[in-house]
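Presented below is the structure to which this report refers.
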Amino acid sequence: MRLCFACKKNHPAVSYERKVRGGVEIEHYCLSCYENKFLSIGSDGNEDGKTYEACPYCGMTVAEVKKTALVGCAKCYQTLGLLIVPMVIRMQQNAADVHRGKCAADGEGLQRSNRRKELQTLAFHYKQVGDLVRAKACQEQMEALDRGNAKAGRGR
Amino acid sequence: MRRKKSELTTTVISTRMRLARNLQAYPFPTKLSREQAEEIVVLTRNALARLDSGWTEYDVRAIGKAKAMLLQEQHLISPALVAGRHGGTAFVSADGEVSVMVNEEDHLREQYIVSGFRLDDAYERVCSLDDGLGEQLHFAYDKKLGFLTACPSNVGTGLRASVMMFLPGLERCGGIRALVEKWSECGLTVRGMFGEGTRSEGYRYQISNDKTLGLSEYEILRYMETATIEIAQAEQVERKKMLAEEGYRLKDECLRAYGILTNCGYLRFQEMMDMLTQVKLGVALGFFRLTDDEPYALDLFIDDMRPYSFCVEHDLFGADKAARDVHRAAVMRRVLPRLVVRTD
Ligand SMILES: [Zn+2]
Ligand SMILES: [Zn+2]
């Protein structure tokens, strides 16, 4: 009996055709592996896990991705997951792979603080060039981040 | 290891590292607005200035074609950066060795290129720059997919390590195709420079990792190291065969090329490149030796003779083609004999 390519336990529900030298190899995955490995990106609570015809964050469409092999934003990996995950598998040659090696500055808190640094830089920049509207917008985003951080702090 | 290194100096020309990174808060370059693209430039400029002084900034819309072509010849920017939607920007380090391209295919492409076979040094240099940037910028990152990139072929480490090799023996014996197939199964690509497929210009081939997900940077570098050393050894075997089978004829070809280069009065670019390839082959086969201690002196000289680099160095932008060809011949006559001499 055929089993999921990744966990080698469950029955497969999704199949994926992988081009190999001299033909096509079909790989089969159970839904939980398929989702678990690839469709849980940016799981910071406000995602609904659906996939779309176009990415609601950047507007990238399925057709565009097919044409250019480029995604539109970080969230596309989730919102257009059904299209992009097989692309990742094909390009990276192995479905069972997850990232190893260097990590980004880890933890939500630190990442938020990096975005805060970015906004601070931009607020300063816009002030310098006299664009006070944008400077203020950056300021407001910073405050929103701070409120979020305070909330996250209380939650812990 | 020392012995291996010296064998590698006539097969490996240069080593290059590139890291792809994106900022979480912005769409990737194909979906960026003009303002967003400029914000990323501001953020990168600011982050780099905090790490190091002396970065030079090039806005490809502003620098003009000649400068853009020169930077491309120096491998500091890519054609894709020049062709980008909003026009990309490049930051080049004070020593001219590291560049950060902004708004190419990804928001950031951090890259470093160095002569010779120096995978670990090259990675360390680009990695420490990346650490510094990563402390200030919110990179798009996912625990499972690693660094998120515009093309899924780069997710994970975002690392493309490549080694430029000089493989006349393998090309002449038709051994390249087997290499391409063998290493593609291990997640590495072998391609001829200046062209897709397996043809090359000047026997130059680039070996690089295809796979960026599921392997750590360290593992990628080790794969690359193994592949490079194996290919270099196979190349040495073929060179010995070449010498045994057609040594006299090859020596004659190389000497004739050297003779033309050191005696001509008029030298077109393409002819020069073909002849210099013969001279480089002659060095690899031991008909010539370099006078310098610098083992990459000839490669560096070839780089300096590329069209835009040559015109900048010798102030020839106003000159017509014939004048340039005459000047090129004069430079060649003067420099080559000082750089490369016959061994017999
Ligand atoms: Zn499974
Ligand atoms: Zn998107």
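Take the stretch B:79-120 and flag every residue that is touching a strand residue (DSSP E or B) at 6+ places or on another chain (Cβ under 8 Å), without any contact (Cβ under 8 Å) to a residue 40 or more places away in the chain and either charged (D, E, K, R) or within 14 Å of chain A (Cβ to nearest Cβ) (or both).
B:Glu97, the sole residue that qualifies.
Just one of (1) within 16 Å of the chain's Cα centre (by Cα); (2) within 13 Å of chain A (Cβ to nearest Cβ) trips up B:Thr149, so point out which.
For B:Thr149, the exception is condition (1).
Being open to solvent by less than 20 Å² (accessible area, probe 1.4 Å), β-branched (Val, Ile, Thr) and within 28 Å of B:Gly116 (Cα to Cα) is true for just one of B:Val312, B:Val237, B:Val340. Which residue is that?
On the way: B:Val312 fails: open to solvent by less than 20 Å² (accessible area, probe 1.4 Å); B:Val237 fails: open to solvent by less than 20 Å² (accessible area, probe 1.4 Å).
Checking each option against the conditions leaves just B:Val340.
Scan the stretch B:226-240 and tell me whether some residue there is outside any helix (DSSP H, G or I) and either within 14 Å of chain A (Cβ to nearest Cβ) or out of contact with any His (no Cβ under 8 Å at 6 or more places or on another chain) (or both). Give the steps one after another, and end with the answer.
Step one: list which residues in the stretch B:226-240 are outside any helix (DSSP H, G or I), which gives none.
Within the stretch B:226-240 (the criterion being outside any helix (DSSP H, G or I) and either within 14 Å of chain A (Cβ to nearest Cβ) or out of contact with any His (no Cβ under 8 Å at 6 or more places or on another chain) (or both)), the answer is no, since none of the residues qualifies.
Per-residue answers, yes or no, for (1) crowded, with 19+ Cβ neighbours inside 10 Å; (2) assigned by TED's automatic domain parsing to the domain that holds B:Ala284; (3) in contact with a helix residue (DSSP H, G or I) (Cβ under 9 Å, 6 or more places away or on another chain):
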site	(1), (2), (3)
B:Tyr205	yes, no, yes
B:Lys211	yes, no, yes
B:Gly214	yes, no, yes
B:Thr228	yes, no, yes
B:Lys241	no, no, yes
B:Asp252	no, yes, no
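For the stretch A:54-86: of the residues being assigned to a loop (DSSP other than H, G, I, E, B) and among the small types (Gly, Ala, Ser), which is farthest from ligand 1 (Cβ to nearest atom)? Break it down stepwise before answering.
So the first thing to find is which residues in the stretch A:54-86 are assigned to a loop (DSSP other than H, G, I, E, B), and the list is A:55-60, A:69-75, A:80.
Subsequent filtering for residues that are among the small types (Gly, Ala, Ser) retains A:59, A:69, A:72, A:74.
On the way: A:Gly59: 33, A:Ala69: 27, A:Gly72: 29, A:Ala74: 25 Å.
The residue in question is A:Gly59.
Taking the condition touching a Leu at 6+ places or on another chain (Cβ under 7 Å) and either free of Cβ contacts under 8 Å to residues at least 40 places away in the same chain or within 12 Å of another protein chain (Cβ to nearest Cβ) (or both), does B:Thr56 pass? Reasoning before the result, please.
Details: touching a Leu at 6+ places or on another chain (Cβ under 7 Å): no; either free of Cβ contacts under 8 Å to residues at least 40 places away in the same chain or within 12 Å of another protein chain (Cβ to nearest Cβ) (or both): yes.
No.
Go through the stretch B:161-188 and give me each residue that's within 13 Å of another protein chain (Cβ to nearest Cβ) and of a type in the set (D, E, K, R).
Matches in the stretch B:161-188: B:Arg177, B:Glu181, B:Lys182, B:Glu185.
Just checking, which of A:Tyr16, A:Tyr57 is of a type in the set (Phe, Trp, Tyr) and either more than 12 Å from ligand 2 (Cβ to nearest atom) or modelled with pLDDT under 65 (or both)? Step through it out loud before you land on a result.
Numbers: A:Tyr57 fails: either more than 12 Å from ligand 2 (Cβ to nearest atom) or modelled with pLDDT under 65 (or both).
So the residue among A:Tyr16, A:Tyr57 that is of a type in the set (Phe, Trp, Tyr) and either more than 12 Å from ligand 2 (Cβ to nearest atom) or modelled with pLDDT under 65 (or both) is A:Tyr16.
Given the condition buried (at least 16 other Cβ atoms within 10 Å of the Cβ), at the interface with chain B (Cβ under 9 Å from one of its Cβ atoms), at pLDDT below 80 and within 16 Å of ligand 2 (Cβ to nearest atom), answer yes or no: does some residue in the stretch A:96-109 qualify?
no
Output the qualifying pairs, or none if there are none: Cβ atoms under 6 angstrom, residues six or more apart or on different chains, first residue in the stretch B:145-174 and among the charged types (D, E, K, R), second residue in a strand (DSSP E or B).
B:Arg160/B:Arg18; B:Arg160/B:Ser208
Report, by residue number, each residue of the stretch B:19-35 that is facing chain A (nearest Cβ under 8 Å) and under 16 Å from B:Tyr141 (Cα atoms).
B:Asn22, B:Leu23, B:Gln24, B:Ala25, B:Tyr26, B:Pro27, B:Phe28
Yes/no per residue for (1) within 18 Å of B:Leu281 (Cα to Cα); (2) open to solvent by 30 Å² or more (accessible area, probe 1.4 Å); (3) among the aliphatic types (A, V, I, L, M):
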site	(1), (2), (3)
B:Phe301	yes, no, no
B:Asp304	no, yes, no
B:Gly318	no, yes, no
B:Ala322	no, yes, yes
B:Asp325	no, no, no
B:Ala330	no, yes, yes
B:Arg334	no, yes, no
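Which numbered condition in (1) in the same structural domain as B:Thr11 (by TED's automatic domain parsing); (2) at pLDDT 95 or above is the only one that B:Ala330 fails?
(1)
Among the helices (runs of 4 or more DSSP H) confined wholly to the stretch B:273-344, which include 1 or more residues that are more than 20 Å from the chain's Cα centre (by Cα)? Write out each step before concluding.
Details: elements: B:297-304, B:307-313, B:321-339.
Here the list reads B:307-313, B:321-339.
The values are calculated or read from the model by the stated rules, or taken from the named source; none is laboratory data. Model, not experiment: these values are computed from the prediction. Reconstructed Cβ throughout: ideal geometry from the backbone, glycine too, with neighbour counts over all protein chains shown. Please note that ligands, DNA and RNA were not included when accessible areas were found on the heavy atoms of the full protein model with its side chains. Shrake-Rupley method; radii C 1.70, N 1.55, O 1.52, S 1.80 Å.
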